[in-house]
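So the structure is just underneath, and the comments pick up after that.
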Amino acid sequence: EKGGYATFMEKEIHEQPHAVADTLLGRTDDAGRLVLDEVRIPEERLRQVERITIVACGTAAYAGMVAKYAIEHWTRIPVEVALAHEFRYCDPIVDENTLVVSISQSGETMDTLMAVKHAAELGAMTLSICNTHGSTIPRESDAVLYTHAGPEIAVASTKAFLAQITACYVLGLYLAQLRGETYADDARAVMAELHEMPAKIEDLLGRMGRVQEMAEFMSDSRAVLFLGRHVGYPVALEGALKLKELAYIHAEGFAAGELKHGPIALIEPGQPVFVVVPSPETPHELHKKVVSNIQEIRARGARTLVIAHDGDEDVEPFASEVIRIPHCSPMLAPLLAVVPLQVFALHLASAKGLDVDQPRNLAKSVTVE
Ligand code: F6R
């Protein structure tokens with residue numbers, strides 16, 4: 001049942017190309033326009049959306065943080081990401097022109113369900129991005145956009161995360177199409193590039209030998225830091241979460257720009273730091289800024305574990321290790337950049353002899369508030 005893999009988590013990491021491909025399946029018509037049959041909210045209502053609030057927990061919330069960058073960029077609709085368990089208690093500003101998008105693999109997370117119910121009471125339109133057919137959250141929502149990652153057995157979420165990001169991109173492009181066109185990027189071009197991602201993820205999975213070795217010789221690490229910027233920031237948070245929950249190692253993700261506002265004090269000789277580097281064509285010279293962050297922490301002795309696009313030579317002088325990902329446009333990079341971080345956490349936990357599929361104190365779906 002583990003398909004030749006030692007753990008469900010490893011199997012599910014390797015299913016990620018399919019999770020993305022299947023989530024894209026059937027979303028466009030012959031003319032290349034997006035069609036979302038499962039979205040039961042009338043188109044004229046969706047055209048009225050003035051703000052979007054994403055509610056989710058844990059990994060799903062990080063998918064939501066990635067989605068915020070893409071949906072705002074493409075639609076110019078303001079997007080807020082709320083942790084579902086905080087949403088209800090912060091007197092949320094939600095009305096009938098708010099689209100509340102919940103993201104949940106299981107569809108049973110009580111915190112997320114209660115947030116959706118609260119949003120519905122306040123008159124919002126509710127849309128569920130969910131991986132489990134017939135589960136409670138989609139049933140309680142006005143509309144559903146299923147991710148097609150297949151059942152996720154390992155407690156730590158991997159393939160569902162990639163499928164959630166994919167579904168959010170599809171939703172963003174669909175909303176942009178409904179409202180005329182995208183403000184940035186061409187929807188068809190983005191969809192075409194999304195369709196190339198499964199092959200790139202497959203390629204990347206074939207390059208993970210060195211990451212596995214690194215994880216094995218870093219198994220006695222006491223703390224690992226993760227830096228990212230723009231869509232790489234939630235990727236850093238997700239990398240840290242994977243390491244905490246699987247390997248029980250103190251791990252923190254930071255926005256790279258925040259470094260000089262405090263976290264750089266943590267850097268001492270030998271401190272491992274993963275850095276998710278944006279592609280060189282990311283606007284606003286973000287690439288250059290992240291490269292100088294690497295330089296700064298390297299000068300203070302950090303062990304810099306750099307995730308960079310193929311062909312990005314600028315990182316070489318300051319990297320203790322370079323982990324290469326296939327090149328793609330800036331917005332889609334999370335679908336690749338997170339993979340080495342998942343693989344790292346998996347192999348570090350395995351090297352410590354831990355139960356990767358069932359980490360201590362955790363349950364696959366959290367059905368209590
Ligand atoms: C992390 C993880 C959790 C879940 C969170 C939400 O690996 O699995 O953080 O992402 O509990 O679960 P769902 O998506 O089922 O609502």
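Which one is farthest from the chain's Cα centre (by Cα) among residues in the stretch 1-36 that are part of a loop (DSSP other than H, G, I, E, B) and among the small types (Gly, Ala, Ser)? I'd like the intermediate steps shown before the answer.
Initially, the stretch 1-36 is screened for residues part of a loop (DSSP other than H, G, I, E, B), giving 1-7, 15, 25-27, 29-33, 35-36.
Okay, now just the ones that are also among the small types (Gly, Ala, Ser), so 3-4, 6, 26, 31-32.
Numbers: Gly3: 25, Gly4: 27, Ala6: 25, Gly26: 22, Ala31: 29, Gly32: 26 Å.
Out of the qualifying residues, it is Ala31.
Please work out which residue is surrounded by the fewest Cβ atoms within 10 Å (Cβ to Cβ), limiting yourself to the stretch 250-264 and to residues that are hydrophobic (A, V, I, L, M, F, W, C) and more than 15 Å from the ligand (Cβ to nearest atom).
Applying the filter and picking the extreme gives Ile264.
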Selection from the stretch 190-202 of residues surrounded by fewer than 18 Cβ atoms within 10 Å (Cβ to Cβ), farther than 16 Å from Gln342 by Cβ and in contact (Cβ under 8 Å) with a residue 24 or more places away in the chain yields Glu193, His195, Glu196, Ala199
Residue pairs within 9 Å by beta carbon, gap of at least six or interchain, first lying in the stretch 273-284 and in contact (Cβ under 8 Å) with a residue 60 or more places away in the chain and under 24 Å from Val224 (Cβ atoms), second assigned to a loop (DSSP other than H, G, I, E, B) and of a type in the set (Gly, Ala, Ser), listed first then second, are Val276/Ala333
So, Pro326, is that one of a type outside the set (A, V, I, L, M, F, W, C) and under 22 Å from Cys168 (Cα atoms) or not? yes
Just one listed residue, out of Ala56, Ala63, Ala6, is closer than 19 Å to Gln342 by Cα, of a type in the set (A, V, I, L, M, F, W, C) and touching a strand residue (DSSP E or B) at 6+ places or on another chain (Cβ under 9 Å), and it is Ala63
Being open to solvent by 10 Å² or more (accessible area, probe 1.4 Å), free of Cβ contacts under 8 Å to residues at least 40 places away in the same chain, of a type outside the set (Lys, Arg) and assigned to a helix (DSSP H, G or I) is the requirement here; does Pro317 meet it?
yes
Among strands (runs of 3 or more DSSP E) entirely within the stretch 210-290, at least 2 residues that are under 20 Å from Asp355 (Cβ atoms) and either within 17 Å of the chain's Cα centre (by Cα) or modelled with pLDDT of 95 or more (or both) occur in 250-255
For this session: Restrict the check to the stretch 25-43 and report whether at least one residue is within 16 Å of the ligand (Cβ to nearest atom), touching a residue at least 12 places away in the same chain (Cβ under 8 Å) and among the hydroxyl-bearing types (Ser, Thr, Tyr).
Result: no
Picking from His309, His327, the residue that is open to solvent by less than 30 Å² (accessible area, probe 1.4 Å), modelled with pLDDT of 95 or more and either closer than 20 Å to Gly257 by Cα or not aliphatic (A, V, I, L, M) (or both) would be His309
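The values are calculated or read from the model by the stated rules, or taken from the named source; none is laboratory data. Quick caveat: nothing in here was measured; it's all calculated off a predicted structure. Cβ sites come from the backbone with ideal geometry, for glycine too, and all protein chains shown count toward neighbours. In case anyone asks, the SASA skips ligands and DNA or RNA and just uses the protein heavy atoms, side chains included. Shrake-Rupley method; radii C 1.70, N 1.55, O 1.52, S 1.80 Å.
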